[in-house]
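The values are calculated or read from the model by the stated rules, or taken from the named source; none is laboratory data. These numbers come from a predicted model, not from an experiment. Because the Cβ atoms are built from the backbone with ideal geometry, glycine has one as well, and the counts that use them run over all protein chains shown.
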Amino acid sequence: MMNKKYSALFPLIIASALALGFFIGGKLNFNDSPERLFSTNSKKDKLNRLIDYIDYEYVDDVNTDSIVDVTVNSILEKLDPHSVYISEKEMSGVTENMKGDFVGIGINFYSYHDTIAVIKTVKDGPSFVKGILPGDRILMADKDTLYGKDFPSEIIVDKLKGIEGSSVTLTVYRKAENRTFDVKVRRGIVPLKSVDAFYMLTKDIGYIKVNRFAESTYKEFKDALVRLQKRGAKKLVLDLRDNPGGYLGMAEEMADEFLEDGKLILFTKNKKGKINKSFATDEGSFEDKPIYVLINERSASASEIVAGALQDNDVGTIVGRRSFGKGLVQREMALGDGSAVRLTVSRYYTPTGRSIQKTYANGTKDYYQRFTDRFHSGEMISVDSIKVADSLKFTTPKGKVVYGGGGIIPDVFVPIGSNEEEAVESMDNLGFLSFFVFEHLEDDRERYAQYSQEEFVNDFRVDDILFEKFVEYSVNRNLRMNFYDYEKSIKQFLKANIAEQLFNTNIHAKIKADEDLMLQKVLELDSGSIIEQEESSRIKASN
């Protein structure tokens with residue numbers, strides 16, 4: 001068994017990751033400008049006067065910028081958990097995340113033994129074109145040293161980023177050839193992918209994994225969908241697990257691909273009661289085709305919009321566990337100094353009229369505690385443990401019962417794995433396996449040079465020697481679990497991580513599929529082996 005300390009911390013870790021993930025939030029365009037909303041009033045004057053008094057009269061020197069930040073955060077904390085302040089320092093990172101790209105040299109790297117070690121280059125990106133290889137060490141950038149103990153990663157990133165079209169001269173050490181050389185790289189646009197992976201799960205089922213809803217998400221999704229259709233996809237698995245959401249418009253466009261012209265996708269209602277409705281168009285390329293949407297307890301916001309729109313229109317099958325329950329829409333507003341506030345401006349409702357926002361009446365701490373409580377209530381293990389209010393019952397056009405108030409409840413429930421199974425998944429998601437694999441490749445990269453992508457998938461097996469090395473590596477880093485009880489899964493995940501570093505993320509996802517309980521459930525559903533689906537109508541209502 002996993003040690004008790006790890007088991008106890010697991011829900012807390014997930015909740016913390018959620019809070020960080022939701023920071024990228026949702027966004028909606030409104031007609032009113034912030035300037036029109038800002039008028040002189042006594043409350044505003046009171047705050048201005050207080051800051052001025054502290055600036056000019058207070059006995060000690062005080063950084064009033066920090067006071068303002070604390071004040072803004074304190075005000076927003078009284079509103080709802082998703083109205084947040086974004087400081088000037090944080091703004092560029094948030095903008096890049098939501099824009100879907102940045103300007104850089106196009107590498108993934110680790111700080112390894114006090115040196116930047118390239119994991120892989122972005123295909124066709126600036127470094128790829130210049131021949132930089134996995135395993136290369138970047139020692140200097142324009143004569144600025146990039147190695148040394150505790151060298152901050154943010155400084156490294158700042159040195160490698162820059163203006164599009166600008167150049168940086170890198171000093172590179174290539175271990176395989178035991179030589180150092182300089183290479184001039186012209187910075188370019190580097191995508192931050194929203195689509196983690198897409199591949200053919202079977203001869204007629206395509207699979208697409210979407211990690212967030214940024215500006216580039218729909219374009220990436222549509223490109224993946226078209227390519228899968230050309231490969232013979234007549235059915236689709238849309239994986240929205242762990243997707244914290246993002247832009248509302250991207251969710252609308254994605255849902256439109258599966259809904260007939262004129263079908264309601266969602267509607268929003270603001271403070272004044274104004275309702276805006278969003279309808280599907282005739283542009284969808286996957287209408288009237290089977291679709292399975294995978295969700296879990298970390299699927300939120302825009303992910304829930306897609307799942308709710310399809311469920312309420314009796315399209316496809318929602319598979320997994322109850323989603324997070326975020327039914328609020330944020331709008332980003334600049335504060336004039338490079339910072340911004342992301343303020344909740346409306347609620348959204350699924351086509352049947354249900355709000356899936358869970359209560360935040362008792363504050364942010366209680367709000368996220370309700371999420372961790374799900375782990376202890378049994379609802380992650382049994383669909384019958386999900387308690388909902390009978391007053392929040394809605395019915396779809398075909399008579400299916402669905403519920404509001406706290407997330408999207410799937411049509412087909414898949415329980416969470418054991419602590420150990422979830423630990424293996426977390427080791428993959430958090431990069432623990434990836435770092436081990438990188439060190440392994442550092443020692444024995446030539447071993448894999450003989451494999452083509454297809455040969456690796458079909459023929460390569462993680463042997464007992466590599467597995468034992470991983471166990472030793474984990475124990476030395478104070479990770480305790482019954483490794484041998486989960487040997488098959490760990491070996492499969494190690495193979496997937498090797499494939500990702502040698503080839504691409506699609507292969508990583510495809511190799512993991514055999515150990516994915518939700519994907520295995522989809523295959524059962526598609527084969528017709530499950531006659532009666534575990535629908536939300538089975539849930540015991542409670543007032």
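Can you confirm whether D69 is of a type in the set (D, E), at pLDDT 80 or above and either exposed (fewer than 13 other Cβ atoms within 10 Å of the Cβ) or not in a helix (DSSP H, G or I) (or both)?
Judged against the criteria, D69 is not a match.
Got at least one residue in the stretch 193-204 being farther than 19 Å from M518 by Cβ and touching a helix residue (DSSP H, G or I) at 6+ places or on another chain (Cβ under 7 Å)?
Yes: one or more hits.
Please work out if M98 is closer than 24 Å to S194 by Cα and either touching a helix residue (DSSP H, G or I) at 6+ places or on another chain (Cβ under 7 Å) or not β-branched (V, I, T) (or both).
yes
Taking the criterion of being surrounded by fewer than 15 Cβ atoms within 10 Å (Cβ to Cβ), touching a strand residue (DSSP E or B) at 6+ places or on another chain (Cβ under 7 Å) and not small (G, A, S), would at least one residue in the stretch 229-239 satisfy it?
Yes: one or more hits.
Looking at S303, S285, S299, S278, which is the one that is modelled with pLDDT under 95 and either surrounded by fewer than 24 Cβ atoms within 10 Å (Cβ to Cβ) or within 30 Å of S83 (Cβ to Cβ) (or both)?
After applying the criteria, what remains is S285.
One line per residue, one yes/no per condition, for (1) in the same structural domain as Y349 (by TED's automatic domain parsing); (2) modelled with pLDDT of 95 or more; (3) on the phi > 0 side of the Ramachandran plot:
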residue: I208; (1), (2), (3): yes, yes, no
residue: E215; (1), (2), (3): yes, no, no
residue: D223; (1), (2), (3): yes, yes, no
residue: Q229; (1), (2), (3): yes, yes, no
residue: L238; (1), (2), (3): yes, yes, no
residue: G246; (1), (2), (3): yes, no, yes
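Within the stretch 409-420, does at least one residue satisfy the condition of being farther than 27 Å from G327 by Cα and free of Cβ contacts under 8 Å to residues at least 60 places away in the same chain?
Yes, the stretch 409-420 has at least one match.
Scan the stretch 402-422 for residues that are outside any loop (DSSP other than H, G, I, E, B) and either surrounded by 20 or more Cβ atoms within 10 Å (Cβ to Cβ) or of a type in the set (D, E, K, R) (or both) and jot them down. Lay out the reasoning, then the answer.
Pass one, the stretch 402-422, residues outside any loop (DSSP other than H, G, I, E, B): 402-403, 412-413, 419-422.
Hits for the stretch 402-422 are V402, Y403, V412, F413, E420, E421, E422.
Condition first: under 30 Å from R342 (Cα atoms), hydrophobic (A, V, I, L, M, F, W, C) and surrounded by 19 or more Cβ atoms within 10 Å (Cβ to Cβ). Can you find one or more residues in the stretch 94-101 that meet it?
Among the residues of the stretch 94-101, at least one is under 30 Å from R342 (Cα atoms), hydrophobic (A, V, I, L, M, F, W, C) and surrounded by 19 or more Cβ atoms within 10 Å (Cβ to Cβ), which makes the answer yes.
Give the residue, chosen from K365, K326, K387, that is of a type in the set (K, R), at pLDDT 90 or above, out of contact with any Cys (no Cβ under 7 Å at 6 or more places or on another chain) and not assigned by TED's automatic domain parsing to the domain that holds N482.
Step by step, each of K365, K326, K387 is checked, and only K326 is of a type in the set (K, R), at pLDDT 90 or above, out of contact with any Cys (no Cβ under 7 Å at 6 or more places or on another chain) and not assigned by TED's automatic domain parsing to the domain that holds N482.
Taking the stretch 232-256 only, how many residues are touching a helix residue (DSSP H, G or I) at 6+ places or on another chain (Cβ under 6 Å) and part of a strand (DSSP E or B)?
Of the residues in the stretch 232-256, 2 are touching a helix residue (DSSP H, G or I) at 6+ places or on another chain (Cβ under 6 Å) and part of a strand (DSSP E or B).
What's the total number of residues in the stretch 511-528 that are hydrophobic (A, V, I, L, M, F, W, C), over 14 Å from Y207 (Cα atoms) and under 22 Å from the mean Cα position of the chain (by Cα)?
So the answer is 1.
Examine the stretch 112-121 for a residue that is buried (at least 20 other Cβ atoms within 10 Å of the Cβ) and either more than 23 Å from V437 (Cα to Cα) or among the aromatic types (F, W, Y) (or both), and state whether such a residue exists.
For the stretch 112-121, residues buried (at least 20 other Cβ atoms within 10 Å of the Cβ) and either more than 23 Å from V437 (Cα to Cα) or among the aromatic types (F, W, Y) (or both): absent.
Which residues, taken from the stretch 49-66, are assigned to a helix (DSSP H, G or I) and closer than 20 Å to S87 by Cβ?
Selection gives I51, I54, D55, T64, D65, S66.
Does D45 satisfy the criteria of being out of contact with any helix residue (DSSP H, G or I) (no Cβ under 9 Å at 6 or more places or on another chain) and either modelled with pLDDT of 50 or more or farther than 29 Å from L248 by Cβ (or both)?
yes
Within the stretch 425-433, is there a residue that is assigned to a loop (DSSP other than H, G, I, E, B), farther than 21 Å from F198 by Cα and touching a helix residue (DSSP H, G or I) at 6+ places or on another chain (Cβ under 6 Å)?
no
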